[in-house]
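Notes to accompany the following structure.
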Protein chains: 2
Amino acid sequence: MSLTVVGTMAFDDIETPFGKSDKIVGGSASFIAWAASNFVQPVNQVSVIGGDFPQDELAALTGRGVAMEGVQVKKDEKSFYWAGKYHLDMNSRDTLVTELNVLADFQPVIPDSYQGSEFLILGNLTPQVQMSVISQLNPRPKLIVMDTMNFWMDVALEDLLKTLKMVDVLLVNDSEARQLTGEYSLVKAAKKILTMGPRYLIIKKGEHGALLFHENHVFFAPALPLEEVFDPTGAGDTFAGGFIGHLAKTKDISFENMKTAIIVGSAMASFCVEKFGAQRLREITREDITTRLEQFVQLVNFDIDLV
Amino acid sequence: MSLTVVGTMAFDDIETPFGKSDKIVGGSASFIAWAASNFVQPVNQVSVIGGDFPQDELAALTGRGVAMEGVQVKKDEKSFYWAGKYHLDMNSRDTLVTELNVLADFQPVIPDSYQGSEFLILGNLTPQVQMSVISQLNPRPKLIVMDTMNFWMDVALEDLLKTLKMVDVLLVNDSEARQLTGEYSLVKAAKKILTMGPRYLIIKKGEHGALLFHENHVFFAPALPLEEVFDPTGAGDTFAGGFIGHLAKTKDISFENMKTAIIVGSAMASFCVEKFGAQRLREITREDITTRLEQFVQLVNFDIDLV
């Protein structure tokens with residue numbers, strides 16, 4: 001029941017109204033691996049890092065059952081670096097610095113040991129890299145989940161549309177769903193996207209939860225109302241990691257089980273925002289996760305007599 | 001199990017990206033009565049109208065079990081009139097005209113026949129009128145629900161705070177909860193509001209659903225994802241009407257039953273936005289409501305194994 005994860009392992013430098021993180025480990029594949037490894041092992045990591053990437057981070061992930069054979073190390077180069085500053089509402093942010101570094105010419109190579117992965121998640125990356133990974137995995141994984149962002153819609157739409165035809169589940173946020181389809185109504189946007197390739201669509205709405213669309217069905221998962229969102233960086237990737245982790249653990253890709261997986265993803269994301277970067281994800285126990293899932297049940301559970 | 005409703009019965013003139021309504025019947029008490037009368041009768045209406053208010057509207061409401069004895073008719077004056085225009089996102093609107101007319105010097109008088117009402121809902125009105133109604137009802141209703149808006153926080157905060165101490169449930173939207181408390185986090189805002197009088201707080205988030213807070217508990221009800229929101233006018237009042245209607249029908253004011261009541265309110269609101277004004281509320285059947293409630297169950301229902 002192995003899972004392959006493709007994405008960035010990088011440095012983030014985050015400023016929020018609550019403080020500054022300085023340079024800490026981030027990147028889509030980092031958050032996905034930290035979240036998913038609570039549910040499934042091995043997690044086959046595919047990424048690229050520079051010689052500056054901390055050894056203790058690699059050791060910590062290895063200790064969680066994350067395989068590093070597919071992580072290229074370019075010793076004389078620097079890891080991908082992003083710096084950003086959140087506005088007071090914590091919903092919008094400015095990018096201050098983006099240094100692609102090792103990511104600039106990243107050509108993923110899937111190790112033989114990763115072949116046979118039943119689950120694949122493509123973290124936010126150039127669609128060409130995402131397609132390259134799909135084409136290297138033989139047999140095709142049972143389920144392919146793809147994350148993307150508005151940037152690729154702006155600069156690589158044609159490749160993005162090609163990649164969409166190769167995946168089962170697409171993850172985007174509300175504004176990205178609108179941009180991709182030209183539809184303001186998320187229900188209309190979802191209908192269009194479900195004709196573009198993916199059979200399942202998850203629209204993330206941040207603090208307002210997430211919607212899962214499949215055929216004519218729709219499911220809604222709330223975000224946990226929190227006193228404080230300390231740092232939203234990586235929450236979407238953590239959500240994705242919890243989602244795919246639960247699916248890979250249960251090996252059940254039915255719509256019903258995807259509902260549960262989205263709740264698991266929402267629970268993991270609710271931890272992520274409590275501290276800078278992936279710090280909180282390093283600390284939490286199985287018991288913390290169970291308690292948090294119970295909170296989600298309480299949050300949305302109601303009885304109704306429909307007679 | 002009677003319910004008393006206080007609020008406006010008025011004319012609205014609405015413009016949306018989809019068209020113009022021209023002058024149609026609106027007002028908080030109208031929407032509340034149309035929604036609540038699906039669940040409980042009589043609905044004891046308290047309001048004020050001018051000689052221009054349509055007789056067929058009064059007859060239609062009477063036919064639904066809405067008592068009109070508490071509705072003052074000022075034959076030589078005009079009914080309250082509001083005109084507004086929604087922006088493209090349908091979330092924000094500009095008020096074009098507000099004519100208070102009969103509302104300017106409204107002094108509610110509770111008829112003897114309304115005494116003994118177990119449930120009271122105070123639609124959005126000046127806090128002084130809301131307090132006057134509470135003080136006239138003897139014995140005090142079993143549950144008092146109050147709606148209000150930012151306008152009263154701006155111009156009558158002292159009276160508003162006094163009124164808050166007299167009610168059990170407060171209904172506000174997210175920006176109003178923030179304005180009332182100075183807290184951006186809705187969880188922090190809720191904690192503050194629950195020290196100001198109400199034991200229950202509902203924060204409406206429009207298309208993003210609604211939160212119910214009580215002591216340390218929180219419940220979340222989604223809005224139904226719709227292809228099209230045709231006209232949001234009255235959706236909040238309709239939500240309130242469904243909420244209080246379910247409570248009055250079941251006579252159960254436990255937190256558990258309030259969860260169900262919020263789902264009922266959300267279902268009623270989802271009808272309201274489908275056509276101009278209260279038009280859709282006039283058409284729907286008991287069967288339509290049951291089908292819609294079933295959609296809400298499907299929307300949020302999930303299974304999870306917490307072992």
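The table below gives the values:
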quantity: Flag for A:E118 being of a type in the set (D, E, K, R) and within 23 Å of A:D252 (Cα to Cα); calculated: yes
quantity: Residues satisfying the stated conditions in segment A:203-217, i.e. of a type in the set (D, E, K, R) and either more than 10 Å from chain B (Cβ to nearest Cβ) or part of a strand (DSSP E or B) (or both); calculated: A:K204, A:E215
quantity: Residue, farthest from the other protein chains (Cβ to nearest Cβ), within segment A:295-307, restricted to residues that are in contact with a helix residue (DSSP H, G or I) (Cβ under 7 Å, 6 or more places away or on another chain) and either of a type in the set (S, T, N, Q) or surrounded by 14 or more Cβ atoms within 10 Å (Cβ to Cβ) (or both); calculated: A:F296
quantity: Failed item, numbered, when A:T163 is tested on (1) within 24 Å of B:K205 (Cα to Cα); (2) touching a residue at least 12 places away in the same chain (Cβ under 8 Å); (3) assigned to a helix (DSSP H, G or I); calculated: (1)
quantity: Residue match in segment A:276-294 (condition: within 13 Å of another protein chain (Cβ to nearest Cβ), over 14 Å from A:A210 (Cβ atoms), assigned to a loop (DSSP other than H, G, I, E, B) and not charged (D, E, K, R)); calculated: no
quantity: Total residues in segment A:223-248, condition part of a loop (DSSP other than H, G, I, E, B) and facing another protein chain (nearest Cβ under 10 Å); calculated: 7
quantity: Close pairs from segment A:278-291: first closer than 20 Å to A:A261 by Cα, partner among the aliphatic types (A, V, I, L, M), Cβ under 6 Å, at least 6 apart; calculated: A:T290/B:L306
quantity: Matching option when the condition is touching a residue at least 60 places away in the same chain (Cβ under 8 Å), farther than 30 Å from A:E228 by Cβ and aromatic (F, W, Y), among A:Y114, A:Y81; calculated: A:Y114
quantity: Residue list for segment B:185-202, filter: closer than 18 Å to A:A223 by Cα and more than 9 Å from chain A (Cβ to nearest Cβ); calculated: B:A189, B:I202
quantity: Members of segment B:171-184 that are within 12 Å of chain A (Cβ to nearest Cβ) and surrounded by 18 or more Cβ atoms within 10 Å (Cβ to Cβ); calculated: B:A177, B:R178
quantity: All positions within segment B:221-258 that are surrounded by 24 or more Cβ atoms within 10 Å (Cβ to Cβ), farther than 17 Å from A:L306 by Cα and aromatic (F, W, Y); calculated: B:F239
quantity: Any hit, segment A:52-75, residues being touching a residue at least 60 places away in the same chain (Cβ under 8 Å), out of contact with any Lys or Arg (no Cβ under 6 Å at 6 or more places or on another chain), buried (at least 18 other Cβ atoms within 10 Å of the Cβ) and more than 18 Å from A:L122 (Cβ to Cβ); calculated: no
quantity: Test: residue in segment A:258-267 that is at pLDDT 95 or above, assigned to a helix (DSSP H, G or I), over 23 Å from B:V218 (Cα atoms) and within 14 Å of chain B (Cβ to nearest Cβ); calculated: yes
quantity: Which numbered condition B:F220 misses (of (1) closer than 19 Å to A:V218 by Cβ; (2) at pLDDT below 95; (3) outside any helix (DSSP H, G or I); (4) not polar (S, T, N, Q)); calculated: (2)
quantity: Top-ranked residue of segment A:187-199 - restricted to ones that are closer than 22 Å to B:E294 by Cα and not charged (D, E, K, R), ranked as surrounded by the fewest Cβ atoms within 10 Å (Cβ to Cβ); calculated: A:V187
quantity: In segment B:262-294, residue surrounded by the fewest Cβ atoms within 10 Å (Cβ to Cβ) [restricted to those that are over 16 Å from the mean Cα position of the chain (by Cα) and β-branched (V, I, T)]; calculated: B:T285
quantity: Of all residues making up segment B:37-83, the number that are in a helix (DSSP H, G or I), of a type outside the set (S, T, Y) and more than 18 Å from the chain's Cα centre (by Cα); calculated: 7
quantity: Residue match in segment B:21-34 (condition: in a strand (DSSP E or B), more than 14 Å from chain A (Cβ to nearest Cβ), more than 18 Å from the chain's Cα centre (by Cα) and within 21 Å of B:Q115 (Cβ to Cβ)); calculated: no
quantity: Any hit, segment B:87-102, residues being of a type in the set (D, E), closer than 18 Å to B:L120 by Cβ and surrounded by fewer than 19 Cβ atoms within 10 Å (Cβ to Cβ); calculated: no
quantity: Checklist (1) of a type in the set (S, T, N, Q); (2) more than 17 Å from B:G27 (Cβ to Cβ); (3) in contact with a helix residue (DSSP H, G or I) (Cβ under 8 Å, 6 or more places away or on another chain) applied to B:T238, failing item; calculated: (2)
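The values are calculated or read from the model by the stated rules, or taken from the named source; none is laboratory data. In this text the structure is predicted, and so the values were computed from the model without any measurement. So basically every Cβ, Gly included, is an ideal-geometry build from the backbone, and we count neighbours across all protein chains shown.
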